[in-house]
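See structure below.
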Amino acid sequence: METGPESPVLRQGRIIVPGSSRQLAAYGLFLPQPDQHRILHSGSRTFHAKALEHELLWISFDELCAPGTTSDDYIGLAAGPELCVIDGVPPPEAADAGFRVEAWEQFAAVLAVLAARNATVFIVGNRRMEWAAASSAAQDARLRASLDGIGRLLAGLKRIESDETVTVEGVSGS
C-alpha cells in the first residue's frame with residue numbers, strides 16, 4: 001500500500017477510543033440494532049454490515065479485513081455511503097504476524113478507497129491505537145509499510161480518547 005505526499009488523506013471523522021455510547025452520540029452515532037444488519041456484496045465478498053443505509057455503512061474491522069479479502073472486494077465501497085464507521089479496530093502490535101499483517105494491509109486498502117472519495121470515517125477501538133509506534137518497532141517489512149500507510153491516511157483525523165475529550169471538544173467537533 002503506497003501512500004505518498006500527494007495521496008488522499010482522511011480529513012472528516014474521528015478516531016474514537018473506547019467508543020462509549022456518549023462518545024458516539026456526540027457525533028450522532030448510535031450502536032446499530034440487529035434489525036439494521038445488512039448484507040453488502042462487493043467484488044467476490046459478501047460483507048455482513050452492522051448497518052447499511054443510504055448515508056451510513058457501519059462494519060467491524062474483523063468483517064472488513066477477513067482473511068482472503070482482496071483490494072477488488074473494496075471497489076463497491078467506492079460508491080457506498082458517505083459516512084463509514086469501522087468498529088472493533090484492534091491496537092496494532094509490532095509483533096503482529098501472519099493473518100494480522102494481511103488484515104492491516106486490507107485496512108490500509110479500505111482507508112485509501114474511503115480517502116479517495118472524501119468519505120467521513122469514524123475508527124472505533126477499545127484501546128489506544130498507535131500506528132507509528134507499532135510500525136517503528138515492527139520487524140516485518142509488510143507490517144511496517146501497512147502501518148505507515150494507515151498512519152498517513154488517518155493523520156488528518158482528530159482523536160477522541162475519553163468522554164472528557166467529547167465534553168471539551170463539544171458536539172460540533174470544532
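The values are calculated or read from the model by the stated rules, or taken from the named source; none is laboratory data. Not measured: the values here are computed from a predicted model. With ideal geometry, Cβ positions are generated from the backbone for all residues, glycine too; neighbour counts draw on all protein chains shown. The accessibility values were calculated without ligands, DNA or RNA, using every heavy atom of the protein model including side chains. Shrake-Rupley method; radii C 1.70, N 1.55, O 1.52, S 1.80 Å.
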If we count every other residue with Cβ under 11 angstrom of Phe107's Cβ, Lys/Arg +1 and Asp/Glu -1, where does the sum land?
-2
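Rg(Cα) of the chain divided by 2.2 N^0.38 Å?
Numbers: Rg = 15.3 Å, N = 174, 2.2 N^0.38 = 15.6 Å.
Normalised by 2.2 N^0.38 Å, the Cα Rg of the chain equals 0.98.
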At q = 0.13, 0.17 Å⁻¹, what log₁₀ I(q)/I(0) does a Debye calculation on the Cα points of region 83-149 give, no solvent, two decimals?
-0.35, -0.59
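Averaged across orientations, what area in nm² does the convex hull of the alpha carbons in region 1-84 project? The partial results should precede the final answer.
Working: hull surface 26.8 nm².
Projected over every direction and averaged, the Cα hull of region 1-84 covers 6.7 nm².
Per DSSP H run of at least 4 residues, take -39500 (n - 2.57); add these up for the chain, divide by its residues and hand me the 222 nm value, nearest 500 deg cm²/dmol.
Here the helix-only value at 222 nm equals -9000 deg cm²/dmol.
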Under 14 Å from a point 7 Å along the Cα-to-Cβ line of Ala97: which residues of region 134-155 have their amide N that close?
138-143
Within 10 Å, Cβ to Cβ, of Cys65, how many net charges do the neighbouring residues add up to if Lys/Arg are +1 and Asp/Glu are -1?
-3
Would you work out what percent of the accessible area of the chain, with all protein chains in place, is carbon or sulfur (probe 1.4 Å)?
55 percent
What is the distance in Å between the Cα centres of region 90-166 and region 17-85?
16 Å
Net charge around Arg45, counting only other residues with Cβ within less than 10 Å of its Cβ (Lys, Arg = +1; Asp, Glu = -1)?
-3
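Quick one: length gained pulling Glu82 to Gln12 fully straight, 0.36 nm per residue minus the C-alpha distance? Could you put the intermediate results ahead of the total?
Numbers: separation 70, 0.36 × 70 = 25.20 nm, distance 1.03 nm.
Value of the extension gain: 24.2 nm.
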Tell me, what is the percent relative contact order of region 22-174, built from C-alpha pairs under 8 Å that lie six or more residues apart?
22 percent
